[in-house]
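> Pasting in a structure now, in structure tokens, and then I'll have a few things to ask.
Every read-out reported here was derived from the displayed coordinates using simple, explicitly stated rules and does not represent laboratory data. None of these values were measured; they are calculated from a predicted model. Here Cβ is always computed from backbone atoms with ideal geometry, including for glycine, and neighbour counts include all displayed protein chains.
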Amino acid sequence: MKIAMVVTVGESAAMSHWLATASLAPAELERWIIDAEPEVAEQVLDTLVSQWRQTPVDMLIFPAGMLGDELATRLASRLQGGSVCQVLSVNTQEERVTKSHWGNALIATLEVAARPLCLSLARQPNGNTSIEFPADMATRHITPAVLPDWLISVERVEHSGAHPLQEAKQVLVVGQGGEGIDANQIAALAHSLGAEVGFSRARVMNGGYDAERLIGISGHLLAPDVCIVAGASGAAALMVGVRDSRFIVAINHDGSTPVFTQADVGIVDDWPAILEALVVCADS
């Protein structure tokens, strides 16, 4: 099987990190580099079709994001192939892919026989950015065409710097459980532990908590050295945001919650008291 990883300069590190953990063997890999970020998909679609006709592959994998979703869908239509967007994993031997379904409550496994198969990846956490593509990969360049005539003007919106959660080595993730403790108290506990704080969707939706610190499939995807998950049941939508942590500590008064099956260490107790005890240990 021949596979082309279609990358832009800004997505190269994330895609090489995904490739390092993927199940693509045995496969012949190529890297198709889009030399500049296109403003619209039309700038690269014709070039991608032309490149595929010159050097056909069985599968094309696009980066996460709206552009990747659009390119995967529209290129598959032009090549009369198949497409799946926001894929978590690919198994080339079994011809299957996985992706989130039903509001991220389930992980679906799909059989995919159409060729060429155009896939876009789901969002990935900030992984090991030192991972690079294999040196022996064939490389081809995709040069975007000029803007189409119908596009009158383009206004770029500059993105702000990375959120502190994305850079944090220690993270405290607080779920819905725990009474009598507010956002300021949680922030103080996290600060005392040298951690950035994040929240489950349930706690954010209850009000009074920063939505920019939402953890999970619809928020931040993290890969800290240490993650403390406190007062959360371990729902899939939340845990996908911390599953790449190097070490996970779960604290919950209910020992039967699923969060303990995904943790390296579990503590069955009320989490505010445990965190206060950890602060005392950290200060001593």
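> Arranged from highest to lowest average of other beta-carbon atoms within 10 Å per residue, in what order do the peptides 186-199, 256-269, 217-230 appear? The partial results should precede the final answer.
Details: 186-199: 20.2, 256-269: 15.5, 217-230: 22.4.
Order by mean packing, descending: 217-230, 186-199, 256-269.
> Taking 0.36 nm per intervening residue step and subtracting the Cα-Cα distance, what contour gain separates residue 163 from residue 106 on full extension? Show your work: numbers first, answer last.
Details: separation 57, 0.36 × 57 = 20.52 nm, distance 2.77 nm.
Contour length minus Cα-Cα distance gives 17.8 nm.
> If you don't mind, there's one more thing I want to ask. If you take the beta carbon distance between residue 143 and residue 206 as r and set R0 to 41 Å, what does 1/(1 + (r/R0)^6) give as a FRET efficiency, to the nearest 0.05? The partial results should precede the final answer.
Values: r = 50 Å, r/R0 = 1.22.
About 0.25, to the nearest 0.05.
> Let me ask something else about it. Given points 7 Å out from each Cα along the Cα-Cβ axis, report the residue 77 to residue 53 separation in nanometres with one decimal.
Here the answer is 1.9 nm between the modelled labels.
> Then there is this: Could you tell me the distance between the Cα centroids of region 172-186 and region 252-283, to the nearest Å?
13
> Could you tell me what a quarter of the Cα convex hull surface of region 5-47 works out to, in nm² with one decimal place? Please report the intermediate quantities before stating the final value.
Values: hull surface 14.4 nm².
Averaged projected area of region 5-47's Cα convex hull equals 3.6 nm².
> Right, here's the next one. Express as a percent, rounded to the nearest 5, the fraction of DSSP beta bridges in the chain (both residues included) that run antiparallel. List each step's numbers first, then the result.
On the way: 10 of 54 bridges.
Close to 20 percent.
> Report ³J(HN,Hα) in whole Hz for each residue of region 26-43, in order, from the Karplus equation J = 6.51 cos²θ - 1.76 cosθ + 1.60 where θ = phi - 60°; Gly and Pro get x.
Coupling constants for region 26-43: x, 8, 9, 9, 10, 10, 9, 9, 7, 5, 9, 5, x, 6, 9, 4, 4, 5 Hz.
> For residue 145, what charge total do you get from the other residues with a beta carbon under 11 Å from its beta carbon, if Lys and Arg give +1 and Asp and Glu give -1? Please report the intermediate quantities before stating the final value.
Numbers: positive: none; negative: 39, 42, 46.
Charge balance near residue 145 sits at -3.
> Work out from phi, with θ = phi - 60° and the Karplus expression 6.51 cos²θ - 1.76 cosθ + 1.60, the ³J(HN,Hα) of each residue of region 49-56, listed in order in whole Hz, and give x for Gly and Pro.
4, 4, 5, 5, 5, 6, 10, x
> Moving on. Between (1) 30, 26, 20; (2) 27, 24, 17; (3) 40, 20, 17, which matches semi-axes √(5λ) of the Cα gyration tensor in Å calculated for the structure shown?
Computing semi-axes √(5λ) of the Cα gyration tensor in Å and matching it to (1) 30, 26, 20; (2) 27, 24, 17; (3) 40, 20, 17 gives (3).
> How much FRET efficiency would the formula 1/(1 + (r/R0)^6) give for residue 9 and residue 279, where r is the Cβ-Cβ distance and R0 is 30 Å, rounded to 0.05?
In this case the efficiency is close to 0.10.
> Any chance you could list the semi-axes, whole Å, largest first, of the equivalent ellipsoid that the Cα gyration tensor gives for region 3-126, using √(5λ)?
Values: eigenvalues 85, 54, 44 Å².
Over the Cα atoms of region 3-126, the ellipsoid semi-axes are 21, 16, 15 Å.
> Using only Cα atoms, tell me the angle between helix 183-192 and the longest principal axis of the chain; keep it within 0 to 90° and round to the nearest 10.
Approximately 90 degrees, to the nearest 10.
> Can I ask one more? Rounded to the nearest 20 debye, what is the charge dipole size of region 144-198 about its Cα centre when +1 sits on each Lys and Arg Cβ and -1 on each Asp and Glu Cβ?
Working: 2 positive and 7 negative charges, 34 e Å.
Here the size comes out at about 160 debye.
> A follow-up question, please. How much mean residue ellipticity at 222 nm does the chain get from its helices, if each DSSP H run of length 4 or more adds -39500 (n - 2.57) and you divide by all residues, to the nearest 500 deg cm²/dmol?
On the way: 8 runs with 71 residues, N = 284.
Rounded to the nearest 500, it is -7000 deg cm²/dmol.
> Ranked highest first by the average count of other Cβ atoms within 10 Å around their residues, in what order do 8-17, 140-149, 50-59 fall? Numbers along the way, then the final one.
Details: 8-17: 18.6, 140-149: 12.1, 50-59: 15.3.
With the highest mean Cβ count within 10 Å placed first, the list reads 8-17, 50-59, 140-149.
> Let me ask something additional. Could you pull out every residue, at least 5 positions away or on a different chain, whose amide H is within less than 5 Å of the one on residue 174? Hs are placed 1.01 Å off N in the peptide plane, and Pro or chain starts have none.
198, 199, 200, 230
> At 0.36 nm per residue, minus the direct Cα-Cα distance, what do residue 66 and residue 35 gain on full extension? Give it in nm, one decimal, please. Spell out each step's value before the answer.
Details: separation 31, 0.36 × 31 = 11.16 nm, distance 1.81 nm.
Length gained, residue 66 through residue 35: 9.4 nm.
> Follow-up question, since we're still on this one. Skipping prolines and chain starts, which residues have an amide H placed within reach, meaning under 5 Å, of the one on residue 88, given they are 5 or more residues away or on another chain?
HN-HN under 5 Å from residue 88: 98, 99, 100, 122.
> In addition: Starting at the first residue of region 78-90, write each ³J(HN,Hα) from the Karplus equation 6.51 cos²θ - 1.76 cosθ + 1.60 with θ = phi - 60°, in whole Hz, x for Gly and Pro.
5, 8, 6, x, x, 9, 9, 9, 6, 7, 8, 8, 10
> Please label the shape of region 189-283 as rounded, prolate or oblate, based on the square roots a ≥ b ≥ c of the eigenvalues of the alpha-carbon gyration tensor (a/c under 1.5 means rounded; beyond that, a/b larger than b/c means prolate, else oblate).
Rounded, because the longest to shortest axis ratio a/c is under 1.5.
> Which FRET efficiency, nearest 0.05, do residue 154 and residue 243 yield, Cβ-Cβ r, R0 30 Å?
Values: r = 37 Å, r/R0 = 1.23.
Given R0 = 30 Å and the Cβ-Cβ separation, E is 0.20.
> Under 10 Å, Cα contacts only: if you run a Gaussian network model on the chain, which one of 68, 207, 180 comes out with the highest mean-square fluctuation?
Highest fluctuation among the options: 180.
> Amide H of residue 4 versus every other amide H placed in the peptide plane: which residues, excluding those fewer than 5 positions away on the same chain, fall under 5 Å?
30, 59, 60, 61
> With the chain treated as a Gaussian network of Cα nodes joined by springs under 10 Å, which of 150, 32, 271 yields the largest mean-square fluctuation?
Among 150, 32, 271, the largest GNM mean-square fluctuation belongs to 150.
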